[in-house]
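The values are calculated or read from the model by the stated rules, or taken from the named source; none is laboratory data. Fair warning: this is a prediction, and the values are worked out from it, not measured in the lab. Backbone-built Cβ (ideal geometry, glycine too); neighbour counts: all protein chains shown. Quick note on the areas: whole protein, heavy atoms, side chains included, nothing else; ligands and nucleic acids left out. Shrake-Rupley method; radii C 1.70, N 1.55, O 1.52, S 1.80 Å.
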Amino acid sequence: MVVCQCTKTKFSKDRQSRLQRYSNLGSLTSLTFDRLSPEGRSGNPDSQQRCREAYQEARQFAASPDGWLIFVGPPGSGKTHLAAAIVNERINNGLPAFFITTPDLLDHLRSAFNPNSEMPYDELFERVKNSPLLILDDFGVQASTPWAKEKLDQLLNHRFNNELPAVITTAIQIDDMDENIRARFTDPQKCRILIIEDKRALSNNYDWPPEFKLQKSMTFENFDWHRRNLPAEQQENLAEAYRLAFDFAKEPEGWLVFMGVTGCGKTHLASAIVNYRYQAKQPGLFIVVPEFLDHLRSTFGPDSKVSYDQVFERVKKAPLLVLDDFGEQSTTPWAQEKLYQVINYRYNARSATVITTRYSLDEIMERVESTISSRLSDPKISTLWNITVPDYRTTLTPSAKKNARRNSRSSGRWD
């Protein structure tokens, strides 16, 4: 007897569905190796090398799980994505893997003592202990009660002694862990520790003036490009904006123009580009257009600490320039002239430039000279992207909205 192709296909789909349910991945099914940059999101060369090594190790482990693979790094460094990608790869190959965060595991074990629980405590604990491949995410953020410590010790002891493969992600430094756990994790025969990003080594890589404290905190790691409350079309639009910004940060070339309403994420992405370049020890200059023009005017005053030429040449010739809030400046002939000089110089020099504006291209043409708008829209040098998502603050409470508006303002000191 030979099984027909349609039956094989149905059996394969049924098995995939069962493995998917067993995996406990939930919404993380989209986190695959194909959607993961091997170099990570950081512009720091050392971090990029660490990410490449972690990526290669994860792919090899997914093909042949052996021992324990431990990813260490701060939130946003890509640990969970790597772990979920391993699970998804195993499922695609028709093999089982079980994913769970450490706090969720302990919560489920506690709730299993309830007589109305769908799964008895013993059955749940045995499933986790003996899973063919266990992925334990966010290890170290759980409550450190004696009961929690005991359960985790039992779980890790069982899998360690029976040589059952596991992937563990943690934001805690290995040296800061409990002695018993540290002894297992550092066993070179069974465990491989991959430090994706050492946050302590990157703490002084930014070079922002004091007035840009908010922009300094805006990175690719904390940009919420997959906001769950958005329609699919808007989510895709925001994800594409993220990709354009990230690609530009890696190799700044030409102009990138982000349009969209206030609060859609334009300034965050522009700031993230500058932060990425600073991490890579590359220069960049972020200016808020109206404040730049105000400061330029102030240089004519007798008390100015810098000359007009110093400020103007610095902006014109910056290797990477971000012009934030373009279009918000006054429309006086002097302001138009200064902006034209900056835009025209950078256009002719093909200097890397990022521009953010809340106006459409048609509205920009009404606010500035046509020669400026024509350079912004030149497809030979500019990539224009209209971010269609609404102001993220529309979902906040009134008091939170007020705070968000206040925090979004930046001062324009140019010492």
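Could you sort the peptides 163-175, 29-41 by per-residue average Cβ neighbour count (10 Å cutoff), highest mean leading?
163-175, 29-41
Let me cross-check V2: its accessible surface, 1.4 Å probe, with only protein heavy atoms counted, in Å² to the nearest 10?
140 Å²
Accessible area per residue of the range 25-124 at 1.4 Å probe, in Å²?
About 45 Å² of surface per residue is accessible.
Treating only the Cα positions of the range 217-296 as identical point scatterers, give the base-10 log of I(q)/I(0) from the Debye formula at each q in 0.15, 0.26 Å⁻¹.
Scattering profile of the range 217-296, log10 relative to I(0): -0.58, -1.34.
Show me 353-360, 125-132 ranked by packing, highest mean number of other Cβ atoms within 10 Å first.
In decreasing order of mean packing, 353-360, 125-132 become 353-360, 125-132.
Which FRET efficiency, nearest 0.05, do K129 and R52 yield, Cβ-Cβ r, R0 30 Å?
After rounding to 0.05, the efficiency reads 0.35.
Once fully extended, how much extra length lies between E337 and R192, figured as 0.36 nm per residue of separation less the alpha-carbon to alpha-carbon distance?
Full extension from E337 to R192 adds 46.2 nm.
Roll a 1.4 angstrom probe over the protein heavy atoms and tell me the percent of accessible area of the range 246-330 that is carbon or sulfur.
Carbon and sulfur together cover 50 percent of it.
So which of K281/K338; K151/K190; K250/K338; K213/K317 end up more than 26 Å apart, counting from Cα to Cα?
Table pairs above 26 Å Cα-Cα are K281/K338; K250/K338.
Report the extension gain between E251 and D362 in nm, rounded to one decimal, defined as 0.36 nm multiplied by the number of residues separating them, less their alpha carbon distance.
Result: 37.1 nm gained on full extension.
Based only on Cα atoms, what mean projected area does the convex hull of the range 286-383 have, in nm²?
6.0 nm²
Using only the heavy atoms of the protein chains and a 1.4 Å probe, how would W208, W385, W68 rank by accessible area, largest first?
Of W208, W385, W68, the descending order of accessible area is W385, W208, W68.
Take the solvent-accessible surface of the protein heavy atoms, probe 1.4 Å, and return the percent of it on the range 55-168 that carbon and sulfur atoms account for.
Carbon and sulfur: 48 percent of the exposed surface of the range 55-168.
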